[in-house]
1. Give the number of residues within segment 187-218 that are closer than 19 Å to L305 by Cβ and either surrounded by fewer than 22 Cβ atoms within 10 Å (Cβ to Cβ) or in the same structural domain as Q501 (by the TED database) (or both).
2. Only one of (1) outside the structural domain of K297 (by the TED database); (2) assigned to a loop (DSSP other than H, G, I, E, B) fails for D151. Which number is that?
3. Would you check if there is a residue in segment 175-183 being at pLDDT 90 or above and part of a strand (DSSP E or B)?
4. Scan Y558, Y518, Y542, Y547 and give me the residue that is at pLDDT 90 or above and within 20 Å of M431 (Cα to Cα).
5. Quick test for you: out of D545, D488, D506, pick the one residue that is more than 19 Å from R453 (Cα to Cα) and outside any loop (DSSP other than H, G, I, E, B).
6. When you look at E338, is it in contact with an Asp or Glu (Cβ under 8 Å, 6 or more places away or on another chain), surrounded by fewer than 21 Cβ atoms within 10 Å (Cβ to Cβ) and on the phi < 0 side of the Ramachandran plot, yes or no?
7. Could you run through segment 121-144 and say how many residues are touching a Ser or Thr at 6+ places or on another chain (Cβ under 7 Å) and not in a strand (DSSP E or B)?
8. Would you say S225 is free of Cβ contacts under 8 Å to residues at least 60 places away in the same chain, out of contact with any Leu (no Cβ under 8 Å at 6 or more places or on another chain), closer than 22 Å to E53 by Cβ and surrounded by 20 or more Cβ atoms within 10 Å (Cβ to Cβ)?
Amino acid sequence: MLLLRCPLPFLLLLLPLGSRPQKLPTRDEELFQMQIRDKAFFHDSSVIPDGAEISSYLFRDTPKRYFFVVEEDNTPLAVTVTPCDAPLEWKLSVQELPEEASGEGSGDPEPLEQQKQQITSEEGTELFSYKGNDVEYFVSSSSPSGLYQLDLLSTEKDTHFKVYATTTPESDQPYPELPYDPRIDVTSLGRTTVTLAWKPSPTASLLRQPIQYCIVINKEHNFKSLCAVEAKLSSDDAFMMAPKPGLDFSPFDFAHFGFPADNNSGKERGFLKSSKFGRQTSPKPRVDLHRVCIGNKNIFTVSDLKPDTQYYFDMFAVNTNTNMSTAYVGTFARTKEEAKQKTVELKDGKVTDVFIKRKGAKFLRFAPVSSHQKVTFSVHSCLDAVQIQVRRDGKLLLSQSVEGVRQFQLRGKAKAKYLIRLKGSKKGASMLKILATTRPNKQSFPSLPEDTRIKAFDKLRTCSSVTVAWLGTQERNKFCIYKREVDDNYNEEQKKREQNQCLGPDTRKKSEKVLCKYFHSQNIQKAVTTETIRGLQPGKSYLLDVYVIGHGGHAVKYQSKLVKTRKFC
């Protein structure tokens, strides 16, 4: 446990001088938790403790720096940064430890500011950097010894964030593990209720650690972390406000964490009360965002919802020993209409989100206001395949199964009315997007080739790159390609369990983005493009995704491609 076990001269560089000798808490001491409660110890500290998540605050355009020491080479290291309510820019770097002064442990130390200047005058070697609002990680199985610096900056607004660092990532595992299928299933849907079910976290079922589940419901969007939920839910609470003097602290709070002592502006609330994790922190919670923690149950019915209203549901597994959480794949559902509203009206050229419960059905109606020669139905199935039937004035025109994106063009008829029946999958709930229009040139969905596979060229595969190609169309569209490293045993079944296909590139981590480009060809036979993805690791497997983004902003994902670099070159 090496983050905090460093020689006394270096500790004096990082901690304020006190009236009595102070000892850094280490993971090897039984009194670690008692030392965390010692507010004087963490007063104005810029040291990251080993194996404990800290909460802190950033003022806009005001950078903040944290330190920790790794004494020995080849030490495992993991650092996790969680933005709360604004994107962050952060960078991790390391510099060599300076030689200790002669006569170690004797004599008076140099003035604190002079010692800080001595050790931080050089920038060090950058190991990792990131910009965005995703929960991002730096993980290394063998890190060099040295003084590590974590620099953070918020350019949008004042914001909270969390940092966790450990030198024992394999044994710690403070964040709950997700099950092999991390999706939330909508098992029952009513006019005012939605029943959700999910698979338990292996941290609870196999490791027998105390896990509780917290559900977040809102009408706007899904959340990437529980910290982001707290930021919005508790915006009026002291925890999420700019730190002010005079606040009280619980024994587990990190007092004055990271704020200068001379301006006395840095008391902030920590969030380490595992016994009261589910409490409502805001005296006046926002009416459009609700959170409830339900213990270790893996089924829950949300009630008191509004009919015919779309809601977004997020599930977080929380380790009550560490108070750290992991997000399941969020979902959305629209509550049933009132009894008299049995058919959804489609508007010409407007994309409509549709939710269908398991083995359920949904009826939609499309009545063009003007005469038309053709009508186009575009369907984007987010999860499993759905059955679509289209009748015109009672006559069956179309009956097909849809998986992924499909477009159907039917002959029109003056004053015709179309009834669309959508039937859900037997496997589980279905989500889809549907567009009906009499103006094909006004479609929000991008045009797609018949073949949406990504082809990998085996002969062009190297230890650090792969070359792929995919088809385009005669319409000029924007294409973005993303990569993600996966385990060697990753297979097609796991690909099917990925988050719903309607989520676009805005849900991906910035670090996974390879490039975006515009592409088309008037000659459909030559509408093919290639790209070489570089900077890969030897013998590693990667999942490649290509998104095509239409003029209306709607993104459609090509079929994912699993590739592997050569192990030896």
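The values are calculated or read from the model by the stated rules, or taken from the named source; none is laboratory data. Predicted model, so just to flag it, every value in this text is computed and none were measured. Don't worry about glycine lacking a Cβ; one is built from the backbone with ideal geometry, like all the others, and counts go over all protein chains shown. Only protein heavy atoms, including side chains, enter the accessible area calculation; ligands, DNA and RNA are left aside. Shrake-Rupley method; radii C 1.70, N 1.55, O 1.52, S 1.80 Å.
1. So the answer is 13.
2. Failed condition: (2).
3. The answer is yes; a qualifying residue exists.
4. Testing whether each residue is at pLDDT 90 or above and within 20 Å of M431 (Cα to Cα) leaves just Y547.
5. D506
6. Yes, satisfied.
7. Looking only at that region, the number is 3.
8. When the stated conditions are applied, S225 does not pass them.
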